[in-house]
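Working notes for the structure below.
The values are calculated or read from the model by the stated rules, or taken from the named source; none is laboratory data. As the structure is a computational prediction, the values presented were derived from the model and not from experiment. Cβ placement follows ideal geometry from the backbone for every residue including glycine, while neighbour counts extend to all protein chains displayed.
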Amino acid sequence: MADATAYLKGKLLDHMNAVTSWTMPPAVYLAAFVGDPQTTSGEEVDATTSTLYARQEISFAAAGADGIAENDADIEFPVAGASWGTIDYIGIYDAETSGNLLWSDALAAPKAIGAGDQLIIPEGDLTVTLT
């Protein structure tokens, strides 16, 4: 279950406490990482050297009474044209490139992506919460 980053928690707290408003991003995007994106060792797959990589737009169902939201459709990255390495973390951003990291989490089962492989997160397998 992906947890909110300090950036997102701060924005939501300021918004809810009437400190400053925060505008919802028009879309959110899933990024694949080798290493934890919230540390200096985490690196997003490089779109310039790892052919056909790009962040993928995500859609979520409304959060349930338990405070958890989940993806409401499969998230399918393109078939890799070259090795992406072993993907062991994901991150959710507020932009297709650059942007702010909103959520991150380790994959339950890291996946080595070589040429011809594809990273797919099935519907309902990506969940987010504000813990």
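Condition first: surrounded by 16 or more Cβ atoms within 10 Å (Cβ to Cβ) and of a type in the set (D, E, K, R). Now tell me which residues in the stretch 1-35 satisfy that.
Residue satisfying the conditions is 11 alone.
Which residue out of 98, 21, 41, 50 is within 13 Å of the chain's Cα centre (by Cα) and modelled with pLDDT under 95?
98
To keep it simple, each residue is scored yes or no on (1) more than 15 Å from residue 101 (Cα to Cα); (2) touching a Phe, Trp or Tyr at 6+ places or on another chain (Cβ under 6 Å); (3) part of a loop (DSSP other than H, G, I, E, B).
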| residue | (1), (2), (3) |
| --- | --- |
| 19 | yes, no, yes |
| 25 | no, no, yes |
| 30 | no, no, no |
| 33 | no, yes, no |
| 54 | yes, no, yes |
| 65 | yes, no, yes |
| 79 | yes, no, yes |
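How many residues, within the stretch 82-131, are part of a strand (DSSP E or B), loosely packed, with under 14 Cβ neighbours inside 10 Å and of a type in the set (Val, Ile, Thr)?
Looking only at that region, the number is 2.
Filter the stretch 102-131 for residues that are within 21 Å of residue 39 (Cα to Cα) and charged (D, E, K, R) and give the result.
Correct list: 105, 111.
Which one is nearest to residue 130 (Cα to Cα), of the residues in the stretch 36-58 that are touching a strand residue (DSSP E or B) at 6+ places or on another chain (Cβ under 7 Å) and surrounded by fewer than 18 Cβ atoms within 10 Å (Cβ to Cβ)?
38
Could you identify the single residue in 124, 85, 91 that is in contact (Cβ under 8 Å) with a residue 60 or more places away in the chain and of a type in the set (Gly, Ala, Ser)?
91
Of all residues in the stretch 57-82, count the ones that are free of Cβ contacts under 8 Å to residues at least 24 places away in the same chain and either under 23 Å from residue 22 (Cα atoms) or in contact with a helix residue (DSSP H, G or I) (Cβ under 9 Å, 6 or more places away or on another chain) (or both).
Residues flagged as free of Cβ contacts under 8 Å to residues at least 24 places away in the same chain and either under 23 Å from residue 22 (Cα atoms) or in contact with a helix residue (DSSP H, G or I) (Cβ under 9 Å, 6 or more places away or on another chain) (or both) within the stretch 57-82 amount to 5.
Name the one entry in 32, 54, 27 that is under 19 Å from residue 115 (Cβ atoms) and touching a residue at least 60 places away in the same chain (Cβ under 8 Å).
Result of the check over 32, 54, 27: 32.
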